[in-house]
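Every number in this text was worked out from the coordinates using simple rules, so none of it is lab data. A quick note: this is a predicted structure, and the numbers were derived from the prediction, not measured. Cβ sites come from the backbone with ideal geometry, for glycine too, and all protein chains shown count toward neighbours.
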4 protein chains.
Amino acid sequence: MLNVAIVGASGYTGLELIRILHCHPEVAVTCLTSEQSAGRRISDVFPTLRGRCDLVLENLEPVRVAEKADLIFTALPHKAAMEVVPTFLRLGRRVIDLSADYRLSDPEVYGAWYETHLNPANLKRAVYGLPEVRRAKIRGAKLVANPGCYPTSIILGLAPLVKKGLIDLKGIIADSASGVSGAGRSARVDSLYCEVNDGFRAYGVGGVHRHTPEIEQELSLLAGEELRITFTPHLVPMDRGILSTIYAVPHKVTTTERLVELYSAFYAGQPFVRVLPAGSLPSTAFVRGSNFCDLAPLVDARTGRIIVVSAIDNLVKGASGQAVQNMNLVCGFPECMGLEGLALFP
Amino acid sequence: MLNVAIVGASGYTGLELIRILHCHPEVAVTCLTSEQSAGRRISDVFPTLRGRCDLVLENLEPVRVAEKADLIFTALPHKAAMEVVPTFLRLGRRVIDLSADYRLSDPEVYGAWYETHLNPANLKRAVYGLPEVRRAKIRGAKLVANPGCYPTSIILGLAPLVKKGLIDLKGIIADSASGVSGAGRSARVDSLYCEVNDGFRAYGVGGVHRHTPEIEQELSLLAGEELRITFTPHLVPMDRGILSTIYAVPHKVTTTERLVELYSAFYAGQPFVRVLPAGSLPSTAFVRGSNFCDLAPLVDARTGRIIVVSAIDNLVKGASGQAVQNMNLVCGFPECMGLEGLALFP
Amino acid sequence: MLNVAIVGASGYTGLELIRILHCHPEVAVTCLTSEQSAGRRISDVFPTLRGRCDLVLENLEPVRVAEKADLIFTALPHKAAMEVVPTFLRLGRRVIDLSADYRLSDPEVYGAWYETHLNPANLKRAVYGLPEVRRAKIRGAKLVANPGCYPTSIILGLAPLVKKGLIDLKGIIADSASGVSGAGRSARVDSLYCEVNDGFRAYGVGGVHRHTPEIEQELSLLAGEELRITFTPHLVPMDRGILSTIYAVPHKVTTTERLVELYSAFYAGQPFVRVLPAGSLPSTAFVRGSNFCDLAPLVDARTGRIIVVSAIDNLVKGASGQAVQNMNLVCGFPECMGLEGLALFP
Amino acid sequence: MLNVAIVGASGYTGLELIRILHCHPEVAVTCLTSEQSAGRRISDVFPTLRGRCDLVLENLEPVRVAEKADLIFTALPHKAAMEVVPTFLRLGRRVIDLSADYRLSDPEVYGAWYETHLNPANLKRAVYGLPEVRRAKIRGAKLVANPGCYPTSIILGLAPLVKKGLIDLKGIIADSASGVSGAGRSARVDSLYCEVNDGFRAYGVGGVHRHTPEIEQELSLLAGEELRITFTPHLVPMDRGILSTIYAVPHKVTTTERLVELYSAFYAGQPFVRVLPAGSLPSTAFVRGSNFCDLAPLVDARTGRIIVVSAIDNLVKGASGQAVQNMNLVCGFPECMGLEGLALFP
């Protein structure tokens, strides 16, 4: 049994890790921390866990956490993660970091979008944890930077086109929409039920959302040259899910059938990517609670544009499920272990 | 491996059976039927299943179904079930029936609330499948009548009080509220998003809901005498969940603490009933997608009334999860097998 | 033109007052205050108002407010209201208070459920502002205590039965459910979208909700003797609306038809109470945004119990709409002025 | 008083017309028709209307309808409208048609996207009813083709840029999202609560949605040359609202400030278009129930793209509110009469 700790367990991604790991046969959750709720049982914070996981939340003391766990999930806000990850690594623990702190390989880019990086030394050790793109590197990693939710949906949606050099790299637009859990569990007026319900809005419009450089970094690596995208996030009155509708201009005229073929070949053998047949479109409802990314690539024959629609559950493939998938790779477990659950619908 | 068929697979309880059984290590789903969608893949009806369960839906021909399965779940409307269950039983198959057809032991009562019973002969063989109340009988059953969703929440909420003779049997009121999936997947104006969203209403008020005789039958058996209840269902703008707030008048003054003790003792060892400590209250959100029934018994000290709040997921403990629990008992599998999944929150 | 001020304008009841008064031909809103947002335009807080009401929010300085207004709506939390109302009254201003501070006529009862009352002297001047029950007194009032949302729905639901002495006063149970706007606009984890959505729960169970004494006070006055009720509030994932399902035991056997007749006669001429014909049931969706209270009284023939279902919009008839109705009475305007808007459905 | 009839009154746009006209001082609704519900009171179909509009729904007999009304709103599906509109016109009645039948000036285009046009003769008389673009022509019109919901949001969002020739006409992408009321009130599995709730999906992707030619026709007229757009609609779990996020490539580098200035000047004096200041973004929640179109034009400085976010209520500015605005123009009433109501929030 692998002993794992979850640092920042009283947020939604922390809870989702506990939920998924509860059905993982090779893992025991041995330590949970929370700054706000230390001393309380996790099942008092999240009554879903009552009788199944009743651990008491601890303060975050890195050395004590490391004593209890072989592998640590850091489900903290950015900055808070890089304050403790170095200790975990120094003590020989493996880390899957769900924050943004180790996703951007260039500390100056991190500095421009977040703040001064506190731990640039470990950036080189960090592997960007998108298994469909760099499974081999993840297997040996000490530190996995678990991708952001929007980037996961967009990079998987574009990887075949970008990698194969089929589109104009200046013409990419990613129009995405997320459920409210993406905003986390902190008490803010903007996230109140009555402020969100029965409304739809864009936010962070105009190239200012912090997931932008992450998407650009990974797509640029796939393309072999620098690219910039236009990325617009929206807020949907629903708990979970991200749907990205991605627009690109192909170098040559193509068809939906050829795209479906291309995507199917590109993602052959990937257990969590489902390329839909022509005529089908994904919905976040069809991946709710599961680790799937559903993709529908198609062509607008009237304008010649390629459109790719991509759906994930932001808390699963967009966060905790992908983190467990990365843990499986890092630890040599079967990649799908603990992640076989199907979506909850309705 | 146990081969199972699901008759009526294109409804919500059918889908939920597939979802749960997908993670059950001793079961293979070998046959799915649907009147409306025969010939289509189940994963075209429910894209959540794509790549994991792609069986083609068949017409309901009872003999052919029986050839493919050791045990059959009938997830049909009432009447449709009793048209095929006799064949399954005659051919030696075990049946877990999710309809109302075998829940009422008296065919005259069935006739008064539904229509003339077509198969009274098998009523005696049917066991009402509420494991917390009659586990032993379920173990040997050929035909399990899986309880209704409202009855499950209300009977579990009242069983300790009624069985112990602690309340006035004339004073019971059950005020319940259900998510919309309880209305099924048929195209009706009343179930449209815009008709349901952002509204709350009662329906079937005044002792006319068909779950009333089922609740009364089971509570009367527990009480050892006939009783009648006032039962009011409501419709909540949510997918899943039933919450029942139940009112009773105790024979003697009591306290919340004593009730919690009583309930905890009564349900000790029951894997899917969680009695909450004094001060905690259940929510349907905390059992969403899980097989739990969460119970909070308490006393209104100002009026002396007992109030019990009971929460289940109507599609799991109120239907398909309980059906799998019954299957486990019938087949000698561990009772919780396939049902260990925790609630999806948020 | 009547100049009115709204004290506490940045909450949901404040906004609703502005929305309603915007279409009132005899009123000009001349002053808005907000502790949290003073200095900002109200239309920056609530963009619905942009271009139609762009007043700058002021700090709450009672004398300055009084200078600008003939009548003042206080939409403040309890306690905060009674800190300023005395000044408004002393300066000769009329006040419609939407807080709980002047609803309970006995300061000891207020003390037991809230805290020590700061202004018992004015309690005698306050008129409980439920027009259907005491229109005449409201007409001359200097200070109207605008009723709570739950009390409005429950008192209107029970008034005919209690006033006519038709039911057992010990047997009343009010099971109510409210939309989330009832919890106000403060940033609390409990009111976050993801905590509320797709769930249903009871709260304040067991006679502890602060609306209990208010309901009991008014029903006791109608009955001519003291009574106690069992009141259970629930939280529904919707923005607006309260539905109360009320149970009572009649002294004599009765019928739905007789009850509908009784209620229709009792409420004849009341512009905002609609008694539904037998067979119809109210929904909060049918009163959303309107000042109506829809009532369906009926009999459960099997148990003899009376059930009354009552629906209002908690922000309109349960707060700001009723406040404008009271203002109209106080000022001699037609009672329905500004309140003719029909419900927004869907 | 103007007597008006609403043909197709039992759908959501029919109800919305009744709701709006109820507060219009110059209009009396004298006739309502419904194929499905003829013989029932409209207030039995929509209990929101009880006591305020209790007309009995009639069968659609065009001559009898024309006898009762000076002006007729046709809120019918496409094709059904053009079967009756000629009769209304022949009898000298004015018509505001909410269907698609008279929006496309070229019957061949109509034929390609819908079916063979039955009444091409009247196409020339029809005026496309977007007041912000052609108010003068609407004033004298006998037949107004009320715009579609998506087209309203997109054309208003792009008109200043297209009219002024500031953008590349080949680079326009409109990514839109609608509430569920846009799908109408017919009983379809796709529109069931459980199919829609807590999910987000695209539909009609790839240039196949029937609003595409309507948008292109109007933008081409504004541009003075033919253009094609990429338009992708999405479905949001909410009742009302359309948000369009529109992408365009400017001929010259520009700034958000300049765009806001341009839009403010272009829409100066338009009572229902609100151009937001830089830094503000619209939400459908802020226009819910109102006739506003809120616009935020801005620049993504990193890629140089222009992004315009546009929000309307699909049932008001996207249908019935705009229809009343057109009626006001046609009849010489003040343009805002009956449309002064502010959005209902929350």
Worksheet item: Among A:212-221, C:159-168, what's the highest-first ranking by average C-beta atoms within 10 angstrom per residue?
Response: A:212-221, C:159-168
Response to the item:
Between A:Leu76 and residues 5 or more places away or on another chain, the pairs with built amide H atoms under 5 Å apart involve A:Leu98, A:Ser99
Practice prompt. Pick out which of C:Met82, C:Met327, C:Met238 has the largest mean-square fluctuation in a Gaussian network model of chain C, springs linking Cα atoms closer than 10 Å.
Written response: C:Met238
Fill in: A:Lys164-D:Glu226 pseudo-label distance in nm [points 7 Å out on the Cα-to-Cβ vector]
3.1 nm
Response to the item:
Expressed as a whole number, the average count of other chain Cβ atoms within 10 Å around the Cβ atoms of B:57-64 is 0
Response to the item:
One finds the C-alpha centres of region D:20-99 and region D:259-305 to be spaced, in Å, by 34 Å
Fill in: For region D:263-279, Karplus couplings with θ = phi - 60° (6.51, -1.76, 1.60), whole Hz, Gly/Pro x
5, 4, 5, 4, 9, 4, x, 7, x, 10, 10, 10, 8, 7, x, 3, x
Discussion item. Which residues among region A:199-242 fall inside the zone where the amide N is under 15 Å from a point 7 Å beyond the Cα of A:Asp106, along Cα→Cβ?
Written reply: A:212-229
Worksheet item: Which lysines, on any chain, are close to A:Lys79 with Cα under 25 Å apart, when same-chain ones fewer than 8 places away are left out?
Response: A:Lys68, A:Lys124, A:Lys137, A:Lys142, A:Lys317
Worksheet, complete the sentence: Cβ density ranking, 10 Å radius, fewest first, applied to B:Met337, B:Met1 yields B:Met1, B:Met337
Practice prompt. Working from Cα positions, state the angle (0 to 90°, nearest 10) between the long axis of helix C:211-223 and the longest principal axis of chain C.
Written response: 60 degrees
Discussion item. For region C:146-186, what does the convex hull of the Cα positions come to per residue, in cubic angstrom?
Written reply: 86 Å³
Discussion item. Modelling each spin label as a point 7 Å along the Cα-to-Cβ direction, I'd like the B:Glu61/D:Val63 distance in nm, to one decimal.
Written reply: 5.7 nm
Worksheet entry | Size-normalised alpha-carbon gyration radius of the protein assembly as shown, reference 2.2 N^0.38 Å | 0.91
Discussion item. Output wanted: per-residue J couplings in Hz (rounded whole) for region D:115-129, from phi through Karplus 6.51 cos²θ - 1.76 cosθ + 1.60, θ = phi - 60°, x for Gly and Pro.
Written reply: 7, 4, 6, 8, 9, x, 4, 7, 4, 5, 6, 6, 10, 5, x
Practice prompt. Straight distance only, please: which lysines reach the Cα of D:Lys252 with their own Cα at less than 22 Å, same-chain residues fewer than 8 apart left out?
Written response: A:Lys170, D:Lys163, D:Lys164, D:Lys170
Worksheet item: If you look at just the Cα atoms of chain B, how large are its Rg and its Dmax in Å?
Response: 19.5, 61
Worksheet item: By how many degrees, between 0 and 90 and to the nearest 10, does the Cα long axis of helix A:12-21 differ from the longest principal axis of chain A?
Response: 80 degrees
Response to the item:
If one builds a Gaussian network model of chain A from Cα atoms under 10 Å apart, the most fluctuating residue listed among A:Glu195, A:Glu35, A:Glu83 is A:Glu195
Item to complete: Quick one: which residues, 5 or more positions from B:Val127 or on another chain, have an amide H under 5 Å from its amide H? H modelled 1.01 Å from N in the peptide plane, none for Pro or chain starts.
Response: B:Leu143, B:Val144, B:Ala145
Item to complete: May I ask for the angle, rounded to the nearest 10°, between helix C:80-90 and the longest principal axis of chain C, with both axes built from Cα atoms and the value confined to 0 to 90°?
Response: 70 degrees
Item to complete: For region A:196-246 and region B:211-232, compute the distance between their C-alpha centroids and round to whole Å.
Response: 55 Å
Worksheet item: When the convex hull of the Cα atoms of region B:2-125 is projected onto a plane and the area is averaged over all directions, what value comes out in nm²?
Response: 7.4 nm²
Worksheet item: Under a 5 Å amide H to amide H cut-off, with H placed in plane at 1.01 Å, what residues pair with D:Ile167 once short-range neighbours are removed?
Response: D:His251
Worksheet item: How large is the Kirkwood hydrodynamic radius of region C:198-345, in angstrom, based on all distinct alpha carbon pairs?
Response: 16.9 Å
Worksheet entry | Hz values of 3J(HN,Hα) by residue in region C:229-243 - Karplus curve (6.51, -1.76, 1.60), Gly and Pro given as x | 10, 9, 10, 10, x, 10, 10, 10, x, 8, 6, 10, x, 10, 10
Fill in: Cα-only radius of gyration and Dmax that characterise region B:151-239, units Å
15.1, 45
Worksheet item: By the gyration tensor of its Cα atoms, with a ≥ b ≥ c the square roots of the eigenvalues, what is the shape of region D:226-279: rounded for a/c under 1.5, prolate for a/b over b/c, or oblate?
Response: oblate
Practice prompt. Let me have the relative contact order for chain A, percent, based on Cα pairs under 8 Å that are six or more residues apart.
Written response: 17 percent
Worksheet item: Can you give the mean number of other chain Cβ atoms that lie within 10 Å of the Cβ atoms in peptide C:296-306?
Response: 5
Worksheet, complete the sentence: Note: B:Glu340 to B:Ala38 extended length (0.36 nm per residue) minus current alpha-carbon separation gives 105.5 nm
Worksheet entry | Value at 222 nm in deg cm²/dmol, rounded to 500, when DSSP H runs of n ≥ 4 in the protein assembly as shown each add -39,500 (n - 2.57) | -8500 deg cm²/dmol
Item to complete: Output the peptides D:9-22, C:245-258, D:48-61, C:14-27 sorted from most to least packed, where packing is the average of other Cβ atoms within 10 Å over each peptide's residues.
Response: D:9-22, C:14-27, D:48-61, C:245-258
Worksheet, complete the sentence: Plugging the Cβ-Cβ distance of D:His22 and D:Arg90 into 1/(1 + (r/R0)^6) at R0 = 30 Å yields, to the nearest 0.05, a FRET efficiency of 0.50
